[in-house]
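Report on one structure; see the data block that follows.
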Amino acid sequence: MRALLRRAPLAASTLVVASAVAVAACSSSGSATPSSSSSSSGSGSSTAKTGLKIFVIPKNLGNPYFTTADSKGTGGALAAISALGDSGTETSGTAATSASQIPAIQAAITKGANALVVSATDPTALCPTLNGAIKRKIPVVTYDSDAPSCRSLFINQASTSAIGTSEVDLLAKQIGDSGEIGIVSAAASATNQNAWIGYMKTELAKYPKIKLVATVYGNDDPATATQVTQGLLEQYPNLKGIISPTTVGILAAAGVLDSAKYRGKVMLTGLGTPDSMKKYVSDGTVKAFELWNPANLGYLAGYAAADIAGGTLKVTQGATFTAGKLGQFTIGADNTVLLGPPTVFDSANINNFNF
Ligand code: RAM
């Protein structure tokens, strides 16, 4: 039954390896596959385990981006987990810090987790705990923000380089390729933020008249993000633009810029949810920004975690799996799965989106 739910018809080449995978799935209680191990191929078992306990652990609770990514009602991670006959729980701390997130990961392990789905606040701090899970054969699937040396699989929302470079290109267009800009990031330790900022810096080499003057950190906390944005504007009165690659940061920055003093004078782009940004696009504070569909990201991560824990997906480069409504995905280099390209939102299309 579970196999019917989760499998689209398999290609002949995939069917050849299915029986070998079924044997592997039966011979171990979990199927955690550290990213370094990739000896056999494929997916496809008719004997998947169900009733598994899967914990979804975002950077923090209370961040609407993760609520959308994780919830059953939005079609996020918990929807995929429950569609596959497993039991999903979303848990984390309330601050987007490792100190807040690690106890939730430890508690999930103690409660008998069969798989963990984690957005890493800080890979260095999380890895001892996550490696402990992998040692106990609990697969760790990262989503949104990776912990490359201590997970089985990473579900990447969109090409890391494309996110970084496109945000610079979007802002450059809005400021006429010239002037001082700043970045309002989330946590200084966050893998995703730092990877995107790295590509922004590379892309800036194409714009000799744009100067990145500062990167400030709002820690995915609305009050902190507001404060650091105000500080940035005070310290750099000639600032022409801000990139905020965090849904919490861009919303806070938009709130600060939504005044006669700044509207139309300091441009803002980054990663935001269309629902939260509609007001600022319609009043002209923000021209264009981007994001992927967070619910689809969570759904894909939940699906993959359930498939790995259930024994129907072995983590190895080239393995394919069908993630329900989202269709077929292939595990790529470094045991990473890519959701797809993000959408750029502007006044012409933003009202077509509701998340
Ligand atoms: C925030 C978080 C998250 C990031 C999004 C774009 O909600 O920092 O990790 O992916 O923004």
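Summary table
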quantity	calculated
Stretch gain in nm, segment residue 125-residue 159, where the contour uses 0.36 nm per residue and the Cα spacing is subtracted	9.8 nm
Residue-count net charge about residue 122 - beta-carbon cut-off 13 Å; Lys, Arg +1, Asp, Glu -1	-1
Net dipole in debye of the chain [+1 Lys, Arg Cβ; -1 Asp, Glu Cβ; about Cα centre; nearest 20]	600
Cross-link table 240/287; 206/240; 59/279, entries beyond 23 Å C-alpha to C-alpha	59/279
At R0 = 45 Å, FRET efficiency that the Cβ-Cβ distance of residue 317 and residue 260 yields, to 0.05	0.25
Sum of side-chain charges, residue 238 neighbourhood, beta-carbon under 15 Å (Lys, Arg +1; Asp, Glu -1)	+3
Inter-label distance, nm, simple model (7 Å from Cα along the C-beta direction), residue 235/residue 100	2.2
nm² value of the averaged projected area, convex hull over the Cα atoms of the chain	17.0
Calculated FRET efficiency for the pair residue 47/residue 276, C-beta based, R₀ 35 Å, to 0.05	0.20
Set of lysines near residue 314 by C-alpha distance (under 23 Å), chain-local residues within fewer than 8 positions excluded	49, 53, 135, 137, 325
Between 0 and 90°, nearest 10: helix 123-135 axis offset from the chain longest Cα axis	10
Sequence of 185, 259 once ranked by neighbouring C-beta atoms within 10 Å, starting from the fewest	259, 185
Gap separating the Cα centres of the range 162-202 and the range 134-159, nearest whole Å	24
Three-way shape call for the range 160-291 based on the alpha-carbon gyration tensor, with the a/c threshold at 1.5	rounded
Neighbourhood net charge (12 Å Cβ-Cβ; Lys/Arg +1, Asp/Glu -1) for residue 145	-2
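We did not get these values from a lab; they are worked out from the coordinates using the rules stated. Small disclaimer: the values here were computed from a predicted structure and weren't measured. Counting neighbours? That spans all protein chains shown, and the Cβs are built from the backbone with ideal geometry, glycine included.
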